[in-house]
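For reference, the structure is listed below as structure tokens.
The values are calculated or read from the model by the stated rules, or taken from the named source; none is laboratory data. In this text, all values refer to a predicted model and were calculated from it rather than measured experimentally. No Cβ is skipped: glycine too gets one built from the backbone with ideal geometry, and neighbour counts run over all protein chains shown.
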Amino acid sequence: QAKQAGGRQLVVFDPVMATNFQQTFELENELLHALQTQAFELYLQPQVDAQAQVRAAEVLLRWPHPTKGMISPALFIPIAEKSHLIVDLGWWVVEESLKIAQQIQNRQIMLAINISARHFRQQNFVSHLFYLLNQYQVEAQYITLEITESLVIDDIQDLVTKMQALKALGFHLSIDDFGTGYSSLAYLKRLPIHELKIDRSFIKDLPADKDAAALVEAILAVADKMQLRVVAEGVETQEQADFLNQRAQLLHQGYFFARPQSAQVWLKTWQSSMQGLPRMTALAKF
Ligand code: C2E
Ligand code: MG
Ligand code: MG
Ligand code: MG
């Protein structure tokens, strides 16, 4: 900027910005290194029905950093999304998730995988996903792909085409953080989705907050009429769970039922505790 102005203009040095820039740059390099050395971990957080039965689990990425402790995906995903890194990281998550899905699909537990917009927009997204699905012998009906409303703002036709292809292959599609994006209700009509995930910000103030309650009820009514499954994100109290259970058949995901935990731990738990359980009916009924 200073150069463009012929060097006459003074650019104020902002130490805060400089630190952020450097930190971002450092993190980016470390992310790349972490990917190359397979340093990421997958956690799972169960999604349970009104009887507190586990029907599905969301895959949540974790980065155990050598010096900074466990780094939240809320921090490093946005950094990865600024570069092609998110694509490689995204495929790593998908591949590892399919290995998990292979082990739990006979227990009728679905797996929900977060997909970044930039990853989803890759030209080979559908074909490569299908290739991996076959490689790990997973049935698509056990996989839900969570995408956010940010995808909807550009090239909706490409989005619809891809989603239709995924649906035809048997995948379930979910709108994550529903209600927080730039969305309009109109796209719900156009997109071939199976599920809405109500964002935690709406669940947080239930049941006391009248506005939050009204919004959640409206979302549930729309979902019901459109025969969409609903997952409530961030259920932390009995009161929230009761409020939701009175109104709709939905899945709860939140600390009240279970915190995210290493996938290995959940796999062991499910393998030992669910052996005797009858096969559950398909989740599609929700
Ligand atoms: P998200 O997809 O909306 O995931 C739900 C987030 O809510 C998770 O945060 C989860 O730990 C948290 N959560 C669940 N129940 C509760 C609760 O009762 N109380 C509170 N306070 N929080 C709860 P997490 O694991 O930190 O992930 C943050 C975000 O990072 C995710 O939000 C998702 O957008 C992104 N993310 C995580 N893993 C991946 C991934 O593999 N790929 C991509 N592209 N994004 C990911
Ligand atoms: Mg999610
Ligand atoms: Mg979410
Ligand atoms: Mg959220």
So which residues in the range 168-196 are within 12 Å of ligand 1 (Cβ to nearest atom) and either of a type in the set (A, V, I, L, M) or out of contact with any strand residue (DSSP E or B) (no Cβ under 9 Å at 6 or more places or on another chain) (or both), if there are any at all? I175
Using beta carbons and a limit of 9 Å, which pairs, at least six apart or on different chains, have the first residue in the range 248-267 and in contact (Cβ under 8 Å) with a residue 24 or more places away in the chain and the second one of a type in the set (F, W, Y) and part of a loop (DSSP other than H, G, I, E, B)? Q249/F286; L250/F286; L251/F286
Residue ID - farthest from V48 (Cα to Cα), chosen from residues in the range 244-259 that are within 16 Å of ligand 2 (Cβ to nearest atom) and either crowded, with 19+ Cβ neighbours inside 10 Å or of a type outside the set (F, W, Y) (or both): R259
Consider L206 against the criteria (1) of a type in the set (A, V, I, L, M, F, W, C); (2) within 14 Å of ligand 1 (Cβ to nearest atom); (3) part of a loop (DSSP other than H, G, I, E, B); (4) within 21 Å of the chain's Cα centre (by Cα): it satisfies all of them except one. Which criterion is unmet? (4)
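For (1) at pLDDT below 95; (2) under 19 Å from Q122 (Cα atoms); (3) touching a Lys or Arg at 6+ places or on another chain (Cβ under 7 Å), each residue gets a yes or a no:
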residue: E139; (1), (2), (3): no, no, no
residue: L145; (1), (2), (3): no, yes, no
residue: D155; (1), (2), (3): yes, yes, no
residue: D158; (1), (2), (3): yes, yes, no
residue: F171; (1), (2), (3): no, yes, no
residue: G179; (1), (2), (3): yes, no, no
residue: L191; (1), (2), (3): yes, yes, no
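Could you list all residues from the range 182-234 that are hydroxyl-bearing (S, T, Y) and within 16 Å of ligand 2 (Cβ to nearest atom)?
Taking the range 182-234 first, the residues hydroxyl-bearing (S, T, Y) are 182-184, 187, 201.
Of everything in the range 182-234, those that are hydroxyl-bearing (S, T, Y) and within 16 Å of ligand 2 (Cβ to nearest atom) turn out to be S183, S201.
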Going through the range 167-179 one residue at a time, which ones are away from ligand 2 (no atom under 12 Å from the Cβ) and closer than 18 Å to A221 by Cα? G179
What number of residues in the range 86-113 are modelled with pLDDT under 95 and more than 22 Å from Y142 (Cα to Cα)? 0
Take the residues in the range 77-89 that are within 16 Å of ligand 3 (Cβ to nearest atom) and surrounded by 15 or more Cβ atoms within 10 Å (Cβ to Cβ), then tell me which one is farthest from L27 (Cα to Cα). E81
Restricting attention to the range 255-273, which residues are away from ligand 1 (no atom under 12 Å from the Cβ) and either of a type outside the set (G, A, S) or within 22 Å of F40 (Cβ to Cβ) (or both)? S262, Q264, V265, W266, L267, K268, T269, W270, Q271
Could you tell me whether A241 is under 18 Å from T144 (Cβ atoms) and buried (at least 18 other Cβ atoms within 10 Å of the Cβ)? no
Flag for K162 being closer than 24 Å to F21 by Cα and charged (D, E, K, R): no
